[in-house]
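Right, one structure below, let's go through it.
The values are calculated or read from the model by the stated rules, or taken from the named source; none is laboratory data. Here the structure is a predicted model, which means the values were calculated and not measured. Here Cβ is always computed from backbone atoms with ideal geometry, including for glycine, and neighbour counts include all displayed protein chains.
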Protein chains: 2
Amino acid sequence: MSSAAAKPRTAITPCREQNYPEWYQQVVRAADLAETSPVRGCMVIKPWGYSLWENMQRTLDGMFKATGHRNAYFPLFIPLSYLEREAEHVEGFAKECAVVTHHRLEAGPDGGLVPTGKLEEPLVVRPTSETIIGEMFAKWVESYRDLPLLINQWANVVRWELRTRMFLRTTEFLWQEGHTAHATREEAEAETMQMLRVYADFAENWMAMPVIPGLKSPAERFPGAVETYSIEAMMQDRKALQAGTSHFLGQNFSKASDIKFLDEEGQLIHAWTTSWGVSTRLVGGLVMTHSDDDGLVLPPKLAPAHVAIWPITHKADDPHAITTFCRSLAAELRAKTYHGRPVEVELDERDRRGGDKKWDWVKKGVPIRVEVGPRDMANNVVTVFRRDRPHNERASLPHAEFVGSVVATLDEMQDGMLARARAFRAEHTRSIDDADEFRAFFAAPKGDDGPTPIHGGFALSHWCGDAEMEAKINADLGVTIRCIPIDRLPEDDGPGTCPFTGKPSERRVVWAKAY
Amino acid sequence: MSSAAAKPRTAITPCREQNYPEWYQQVVRAADLAETSPVRGCMVIKPWGYSLWENMQRTLDGMFKATGHRNAYFPLFIPLSYLEREAEHVEGFAKECAVVTHHRLEAGPDGGLVPTGKLEEPLVVRPTSETIIGEMFAKWVESYRDLPLLINQWANVVRWELRTRMFLRTTEFLWQEGHTAHATREEAEAETMQMLRVYADFAENWMAMPVIPGLKSPAERFPGAVETYSIEAMMQDRKALQAGTSHFLGQNFSKASDIKFLDEEGQLIHAWTTSWGVSTRLVGGLVMTHSDDDGLVLPPKLAPAHVAIWPITHKADDPHAITTFCRSLAAELRAKTYHGRPVEVELDERDRRGGDKKWDWVKKGVPIRVEVGPRDMANNVVTVFRRDRPHNERASLPHAEFVGSVVATLDEMQDGMLARARAFRAEHTRSIDDADEFRAFFAAPKGDDGPTPIHGGFALSHWCGDAEMEAKINADLGVTIRCIPIDRLPEDDGPGTCPFTGKPSERRVVWAKAY
């Protein structure tokens, strides 16, 4: 009893500190973002989660179009022989491919249906589309005048994962994959960097999730790429999440698919290609960056709804008047524009207790909650709760003042979330120059029998480039090089010495445990 | 030579009258909407075609949301046992299912990759999602308070088709599928009709494609439905295209998936469900309704671009001034709003001949083309071509007048396209009361060795409801009942006599050859 009284009431059990992985699953469920499906490793994205994804899609799509890309759609199925054209590529994906082998069902000997109509060549459900898109690019590109070819696809892809987790790693997921072809290496490299910057911009300025853009070490490259770049974010358990990747493919795939063009001198040469993608994994990253022990916390710029309003009518003399007041308030808010869309309002007139409604909207992460009871209406005020403050902290605001300030409040919340996430990352990022300190930083604290306590963070340490040492550290500590930052970090102090080999190192890289 | 001179120049060979199916393929290619892919039966939707689909999606999505539906996403794969739960349903789809049987690839005896990791239960790539969504609905619905459940999904589906045609019938296609559950039969029936009306509204008021909404005969029902409704459009070869369907599923699928709820009296009963869908087939319907022998004709409300502008600079003293003039014109147009989006402008500054550019934009169906040469600029006029007029009919309009009238012109074109399509349908719709006249109406004219000349149309004839006679007419003439109209058509004259059986008939139905 006494321990329950000492602990503030929270909506999610267990809390982050107790069991982070389970907390994550509970936040996703409590917010009604998604749930597991009976199909192994596949999830169902529910309306609240899908709406969040739609907002991400709309924003990213606008950014892709503003940088000259156009959407297209390519087949779900890839003939096995296409996948085999790029040796590293097929090696990287062969172990996780869903394979279609038959094209009909017929009654079998025991009456149940069995697959029949065996295909001459099996079809792989796309794990990514470089090979099938490459085949089409080869038809579309003849001359330098056809370049650059700047294409994006919004699609589902399938990678047969053994251990799945909603949004973060699922067998089927939704994503976008950009595919471009260029006349020169320099142009393709510039495209690779441009899209990495677009992703970083989106992560920071829309998701309020700070990221480190950087180059992957060869061990972490996309299969078939010359270079892979990524954006890396720190989750609240201090692990890294790779939130988007941009690949410079060189001429590897243009040679595999024979994408050739006549240059201005009449020479027939292979194009230079890129690919880049983000997925529904971003939803998981958003959840893990901002949510708290009361559930989801949404950055206003991507929230499916900005404001939830409910009338408190059970003690009212005139419940209808309160409902009317709330509807009119909703209309006033919806007439306002917040970053390119109307302020979105959920008007909750369900026949349920106010306390239940309050918790529903807390758990769903709506930035601003508004309760209107008889006394509020009599005084022409509204009771306002902010999701970035404790759930029971309320403010009584004059009606007009609330409406007039709602957009500024949302902006303030968005900025506050980014600042808070940045501070969290800074707090758990350490420059480490000593191998023992490095091991201590990442050593899991001895806890009870329960889940491993939260520990570690981002270690900025020198690395000489030795792949064997990188592999050994991963094997020993479960820590990988997340990226070699392309921007100068505050902690960056130029060349130094690799703490593991004692060899010279050009710069610090980011080490972390990762999703 | 003389015959070529007698025939006006057109962009598409063959013309509609000569070979309609081939004309269709050529229009799709000339407009760069899509092309066939190396994956059997699957097409690649190219940017111009995908942008058209995006405009359709955006409009329909708004209509679905305005009627209370919310988007979600369900797995691509359906366990075989789920499909088997509804007997008619599985019977209807078993013959065209892509089946995933393995989840990895490994080197086989001859070195090439072979599927391994056999699944215990095969997975079907969704041909439609009633069964998997039903499984989830059963978890989500407990009480009447959870109803209605109004969900929509934008997704890809696969039906293994032997004969495919771009957009009209492909193995993989993109669509939306609405799935709803209701507490009463009446509510579910009302939903079925509401969505049929939404589709009809979209077809007529956005695609400028007149449709007849009606009930399908039992022979044409969706497998597992109690009733299927559709919208039926007449293409320019006078065949019918089923452009959207809305199904009242009764309790068939709720029993198959066990979707039960406690009603207000505390009784546990099965919900009543509906499903409804339109697909990328709409793009094919749009092409076949409006296009001509110069290529695609786009209804302005869905066109990826409303205006194409190109400078004629090769004879100009100051090419740069013309380009600047065109850019400024584009900016003025883009500042205008046409049905919820900016007027979209393609500014064609490619290094190509003006004549080539003109034909590109004709074939792509852009509603308004604008050419600006040195003389135009000197006089502050623009040379304007409309896609609904002959390709060489031009008007010289003062700059300001053109900009000021562009939205009205687009509206006029949209209305004109609908009126023209309505007139075409009226011209080729006939009330027929005699079996011989019916046969003559649908008999293919004897032509040369080439393709069957365009013939027939919609026959409004009485039908007594006899399914055997319906099947016989289909077998003999290739003609089916497209629908039993739910609105009173001008030709509708109440009850009559079935011309085939002599039995009484309640009303005329629509007979036609169909896609």
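Residues being of a type in the set (A, V, I, L, M, F, W, C) and in a helix (DSSP H, G or I): count how many of those fall in segment B:79-107.
The total comes to 6.
Within segment A:9-59, can you find the residues that are within 29 Å of A:Asn71 (Cβ to Cβ), buried (at least 19 other Cβ atoms within 10 Å of the Cβ) and among the basic types (Lys, Arg)?
A:Lys46
Yes or no: A:Asn55 touching a Leu at 6+ places or on another chain (Cβ under 8 Å), closer than 30 Å to B:Val283 by Cβ, touching a residue at least 60 places away in the same chain (Cβ under 8 Å) and of a type outside the set (Phe, Trp, Tyr)? Walk me through how you get there before you give the answer.
On the way: touching a Leu at 6+ places or on another chain (Cβ under 8 Å): yes; closer than 30 Å to B:Val283 by Cβ: yes; touching a residue at least 60 places away in the same chain (Cβ under 8 Å): yes; of a type outside the set (Phe, Trp, Tyr): yes.
Spelling it out, A:Asn55 is indeed touching a Leu at 6+ places or on another chain (Cβ under 8 Å), closer than 30 Å to B:Val283 by Cβ, touching a residue at least 60 places away in the same chain (Cβ under 8 Å) and of a type outside the set (Phe, Trp, Tyr).
Please go through (1) touching a residue at least 24 places away in the same chain (Cβ under 8 Å); (2) outside any loop (DSSP other than H, G, I, E, B); (3) within 14 Å of another protein chain (Cβ to nearest Cβ) for B:Phe167 and return the number of the only condition it doesn't satisfy.
The one condition B:Phe167 does not meet is (2).
What number of residues in segment A:199-225 are surrounded by fewer than 24 Cβ atoms within 10 Å (Cβ to Cβ), closer than 26 Å to A:Asn252 by Cα and touching a Leu at 6+ places or on another chain (Cβ under 8 Å)?
Number satisfying all stated conditions: 1.
Within the set of pairs 6 or more residues apart or between chains, which connect a residue that is among the basic types (Lys, Arg) inside segment A:194-205 to a residue that is surrounded by fewer than 24 Cβ atoms within 10 Å (Cβ to Cβ) with Cβ atoms less than 9 Å apart?
Taking only residues 6 or more apart or on different chains, the pairs are A:Arg197/A:Pro213.
Considering only residues that are more than 9 Å from every other protein chain (Cβ to nearest Cβ) and under 15 Å from B:Glu135 (Cβ atoms), which ones fall in segment B:58-114?
Selection gives B:Arg85, B:Glu86, B:His89.
May I ask you to say which residue of A:Pro148, A:Pro122, A:Pro127 is more than 10 Å from every other protein chain (Cβ to nearest Cβ), buried (at least 18 other Cβ atoms within 10 Å of the Cβ) and farther than 30 Å from A:Val283 by Cα?
Result: A:Pro148 is the single residue among A:Pro148, A:Pro122, A:Pro127 that is more than 10 Å from every other protein chain (Cβ to nearest Cβ), buried (at least 18 other Cβ atoms within 10 Å of the Cβ) and farther than 30 Å from A:Val283 by Cα.
Are any of the residues in segment B:66-78 in a helix (DSSP H, G or I), at pLDDT 95 or above and among the aliphatic types (A, V, I, L, M)?
First pass over segment B:66-78, keeping only residues in a helix (DSSP H, G or I): B:66.
When the remaining residues are screened for being at pLDDT 95 or above, the result is B:66.
From what is left, the residues that are among the aliphatic types (A, V, I, L, M) are B:66.
Yes: one or more hits.
Within segment B:208-220, can you find the residues that are among the aliphatic types (A, V, I, L, M) and either in a loop (DSSP other than H, G, I, E, B) or under 18 Å from B:Ala188 (Cα atoms) (or both)?
B:Ala208, B:Met209, B:Val211, B:Leu215
Any chance segment A:276-297 includes a residue that's among the aliphatic types (A, V, I, L, M) and farther than 30 Å from A:Val406 by Cα? Write out each step before concluding.
Going residue by residue through segment A:276-297, those that are among the aliphatic types (A, V, I, L, M) are A:278, A:282-283, A:286-288, A:296-297.
When the remaining residues are screened for being farther than 30 Å from A:Val406 by Cα, the result is A:278.
Looking through segment A:276-297, at least one residue is among the aliphatic types (A, V, I, L, M) and farther than 30 Å from A:Val406 by Cα.
Restricting attention to segment A:20-57, and to residues there that are assigned to a helix (DSSP H, G or I) and over 17 Å from the mean Cα position of the chain (by Cα), which single residue is nearest to the other protein chains (Cβ to nearest Cβ)?
A:Pro47
Select, from A:Phe173, A:Phe137, A:Phe167, the only residue that is at pLDDT 95 or above, surrounded by 20 or more Cβ atoms within 10 Å (Cβ to Cβ), farther than 21 Å from A:His247 by Cα and among the aromatic types (Phe, Trp, Tyr). Steps first, please.
On the way: A:Phe173 fails: farther than 21 Å from A:His247 by Cα; A:Phe137 fails: farther than 21 Å from A:His247 by Cα.
None of the other options fit; the residue is A:Phe167.
In segment A:138-164, what residues are in a helix (DSSP H, G or I) and out of contact with any Phe, Trp or Tyr (no Cβ under 9 Å at 6 or more places or on another chain)? Can you show your working first?
First, pick out the residues of segment A:138-164 that are in a helix (DSSP H, G or I): A:138-140, A:144-146.
Within segment A:138-164, A:Ala138, A:Lys139, A:Trp140 qualify.
When only residues in segment B:308-326 that are in a loop (DSSP other than H, G, I, E, B) and not aliphatic (A, V, I, L, M) count, which is nearest to B:Leu347 (Cα to Cα)? Spell out how you get there, then give the answer.
Of the residues in segment B:308-326, the ones in a loop (DSSP other than H, G, I, E, B) are B:312-318.
From the residues that got through so far, the ones that are not aliphatic (A, V, I, L, M) too are B:313-315, B:317-318.
Working: B:Thr313: 14, B:His314: 17, B:Lys315: 19, B:Asp317: 21, B:Asp318: 18 Å.
If we take residues in segment B:308-326 being in a loop (DSSP other than H, G, I, E, B) and not aliphatic (A, V, I, L, M), then B:Thr313 is nearest to B:Leu347 (Cα to Cα).
Give the residues of segment B:420-452 that are surrounded by 12 or more Cβ atoms within 10 Å (Cβ to Cβ), of a type in the set (A, V, I, L, M, F, W, C) and within 27 Å of the chain's Cα centre (by Cα), sorted by residue number.
B:Ala421, B:Phe424, B:Ala426, B:Phe441, B:Phe442, B:Ala444
Sort out which residues of segment A:266-321 are aliphatic (A, V, I, L, M) and in contact with a His (Cβ under 9 Å, 6 or more places away or on another chain), and write them in order of number.
Across segment A:266-321, the qualifying residues are A:Ala271, A:Leu296, A:Val297, A:Leu298.
Show the residue pairs that are 6+ apart or on different chains and have beta-carbon atoms under 6 Å apart, the first residue being within segment A:294-305 and in a loop (DSSP other than H, G, I, E, B), the second being among the basic types (Lys, Arg) and at pLDDT below 95.
Short answer, once both residue conditions are applied: none.
Going by the structure shown, is B:Pro127 in a loop (DSSP other than H, G, I, E, B) and without any contact (Cβ under 8 Å) to a residue 60 or more places away in the chain?
On the way: in a loop (DSSP other than H, G, I, E, B): yes; without any contact (Cβ under 8 Å) to a residue 60 or more places away in the chain: yes.
Answer is yes for this residue.
Can you work out which of the residues in segment B:226-255 that are within 17 Å of B:Ala188 (Cα to Cα) and of a type in the set (A, V, I, L, M, F, W, C) is surrounded by the fewest Cβ atoms within 10 Å (Cβ to Cβ)?
Per the criteria, the residue is B:Val226.
Which one of these is buried (at least 19 other Cβ atoms within 10 Å of the Cβ) and acidic (Asp, Glu): B:Asp356, B:Asp411, B:Asp376?
On the way: B:Asp356 fails: buried (at least 19 other Cβ atoms within 10 Å of the Cβ); B:Asp411 fails: buried (at least 19 other Cβ atoms within 10 Å of the Cβ).
Result: B:Asp376 is the single residue among B:Asp356, B:Asp411, B:Asp376 that is buried (at least 19 other Cβ atoms within 10 Å of the Cβ) and acidic (Asp, Glu).
Would you confirm, using the coordinates I've provided, whether B:His102 is of a type outside the set (A, V, I, L, M, F, W, C) and surrounded by 23 or more Cβ atoms within 10 Å (Cβ to Cβ)?
Details: of a type outside the set (A, V, I, L, M, F, W, C): yes; surrounded by 23 or more Cβ atoms within 10 Å (Cβ to Cβ): no.
No: the conditions fail for B:His102.
Would you point out which residue out of A:Asp476, A:Asp448 is of a type in the set (D, E, K, R) and part of a helix (DSSP H, G or I)?
A:Asp476
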